[in-house]
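Asks: Handing you this structure, nothing more for now.
Every read-out reported here was derived from the displayed coordinates using simple, explicitly stated rules and does not represent laboratory data. This structure is a prediction, so every number in the text was calculated from the model and none was measured. No Cβ is skipped: glycine too gets one built from the backbone with ideal geometry, and neighbour counts run over all protein chains shown.
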Amino acid sequence: MDISVVIPLYNEAESLPELHAWIKRVMNAHGFSYEIIFVNDGSTDKSWEIIEKLSQENKEVKGIKFRRNYGKSPALYCGFERAEGDVVITMDADLQDSPDEIPELYRMITEDGYDLVSGWKQKRYDPLSKTIPTKLFNATARAVSGIHNLHDFNCGLKAYRRDVVKNIEVYGEMHRYIPYLAKNAGFTKIGEKVVHHQARKYGKTKFGLNRFVNGYLDLITLWFLSTFGVKPMHIFGFLGTIMFLLGLISAGVIGFNKLYDMYAGHPYRLVTESPYFYLALTTMIIGTQLFLAGFIGELIARNAPERNKYQIEKEL
Ligand code: UDP
Ligand code: MG
């Protein structure tokens, strides 16, 4: 099979028939063999009935129905598990992404050799309250992930070589950073294509402004996991040692000063009367705590089932 189209959706009943007809038209015009996997993420409207009907009438249409609303990442994850096509395309269900982009995305994967091609909604039809934070979000994501050629990390329209989706694990709300996940898994040929974007025709957006706060926290998590995920001691042990030594040396200096003043017959204070003593003490305690956090992190990392899971590309 050439193409799997994976479509996560939550209450998008009005858009589905139109979206399906459009994808079908494009696929038939180019003679692709394909499947469409609708992942119904716990919709409370008629979405599932429509998917059932489409599936009865078209053998290419497949459906997955969640019992409740889990989020876009879990929906993508299950769609990826089911996908069988050589190229996997994801798109939103709200008709904001255009199926007309599919043939070119397919060509970029199969002929230009990209592992992942992300859409770039260069001209977007979203409210300002979304486009401005998005610019900031993408600049941060570029800097942290080191993928400098992407303008639009979170674009719903993306194409993947099948290996990519079978070897990354999207969870929580990590769908915003799939290119970063792919890069961490060793898929480095990541490209971009300018895509058409339209205003939402039916229904309303499913994400509020908190997406930017959560998105930022997720980015930090990913950075941390990819840098210190398997060796937490390298960060906590390092910081802990430095802090402990700083505290120890300061406490020593404070004690030595007192002893010196005492023997020299100068007026002197008890070390416990100096505020610096307490600062030094706190620093030593925090240093020890950080060190311990590192040890505990190592114990956890040692028990992680994927601690020895590597991306093996070929074997002879
Ligand atoms: N979506 C989903 N589960 C959710 C929220 C959203 O499957 O919990 C789907 C939604 O139906 C749409 C896509 O994710 O197909 C993108 O959502 P939306 O259009 O609301 O996001 P925006 O375009 O505002 O970024
Ligand atoms: Mg949308």
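Asks: If you take all C-alpha pairs in the stretch 1-105, what percent of them are over 22 Å apart? Walk me through the numbers before you get to the answer.
Replies: Numbers: 1124 of 5460 pairs.
Within the stretch 1-105, distances greater than 22 Å cover 21 percent of Cα pairs.
Asks: Cross-link candidates for K309: which aspartates and glutamates have Cα within less than 13 Å, leaving aside residues fewer than 8 places away along the same chain?
Replies: E169
Asks: Let me know the shape class of the stretch 84-136, please: from the alpha-carbon gyration tensor, a ≥ b ≥ c as square roots of the eigenvalues, rounded when a/c is under 1.5, otherwise prolate if a/b is greater than b/c, or oblate. Walk me through the intermediate numbers first.
Replies: Numbers: a/c = 2.72, a/b = 1.97, b/c = 1.38.
Prolate, since a/c reaches 1.5 and a/b exceeds b/c.
Asks: Points 7 angstrom from Cα along the Cβ direction at Y125 and L281: gap in nanometres?
Replies: Once both label points are built, they end up 6.7 nm from each other.
Asks: Report the gain in length on full extension from D112 to R302: 0.36 nm times residue separation, minus Cα-Cα distance, nm rounded to one decimal.
Replies: On the way: separation 190, 0.36 × 190 = 68.40 nm, distance 3.98 nm.
Value of the extension gain: 64.4 nm.
Asks: May I pose another question? Which percent, to the nearest 5, of DSSP beta bridges fully inside the chain are antiparallel?
Replies: 30 percent
Asks: Positive end of the dipole of the chain, charges at C-beta (+1 Lys, Arg; -1 Asp, Glu), about the Cα centre: which of I64, S250, G203 has its Cα farthest in that direction?
Replies: Farthest towards the positive end: S250.
Asks: Also: So which lysines can K121 reach, going by Cα to Cα under 21 Å and dropping same-chain residues fewer than 8 places off?
Replies: Hits, sequence-local ones excluded: K72, K130, K135, K158, K189, K193, K201, K204, K206.
Asks: So what is the 222 nm mean residue ellipticity for the chain from helices alone, if each DSSP H run of at least 4 adds -39500 (n - 2.57) and you divide by all residues, rounding to the nearest 500 deg cm²/dmol?
Replies: Values: 10 runs with 157 residues, N = 316.
Mean residue ellipticity, 222 nm, calculated: -16500 deg cm²/dmol.
Asks: Here is a follow-up. Looking at the chain, do any whole DSSP H helices span at least 30 angstrom along their long axis by alpha carbon and average 0.5 or above on Kyte-Doolittle, and which?
Replies: Working: long enough: 233-264 (44 Å, 1.30); 275-303 (43 Å, 1.04).
Qualifying helices, which must be both long enough and hydrophobic enough, are 233-264, 275-303.
Asks: Run the paramagnetic zone check for K46: 7 angstrom along Cα to Cβ, then residues of the stretch 1-16 with backbone nitrogen under 13 Å.
Replies: Only 12-16 fall inside the zone, counting backbone N under 13 Å.
Asks: Find the relative contact order for the stretch 1-138 and round it to a whole percent, using C-alpha pairs within less than 8 Å whose residues are 6+ positions apart. Intermediate values should be presented prior to the final figure.
Replies: Values: 205 pairs, mean separation 43.5, N = 138.
Relative contact order comes out at 32 percent.
Asks: Okay, moving on. Just to be sure I understand the curve: with the Debye formula and one point per C-alpha of the chain, what is log10 I(q)/I(0) at q = 0.07, 0.12 Å⁻¹?
Replies: Values returned for q = 0.07, 0.12 Å⁻¹ are -0.40, -0.85.
Asks: If you average the sequence gap of Cα pairs under 8 Å that are 6 or more apart and divide by the length of the chain, what percent do you get for the contact order? Intermediate values should be presented prior to the final figure.
Replies: Values: 506 pairs, mean separation 54.0, N = 316.
It comes to 17 percent, rounded to a whole number.
Asks: What ranking do 309-315, 87-93, 261-267, 160-166 get when scored by the average of other Cβ atoms within 10 Å per residue, highest first?
Replies: Details: 309-315: 7.4, 87-93: 25.9, 261-267: 9.1, 160-166: 20.9.
The densest-packed peptide leads the list: 87-93, 160-166, 261-267, 309-315.
Asks: Within the stretch 154-175, list the residues whose amide N lies under 17 Å from a label point set 7 Å along Cα→Cβ of F212.
Replies: 154-155
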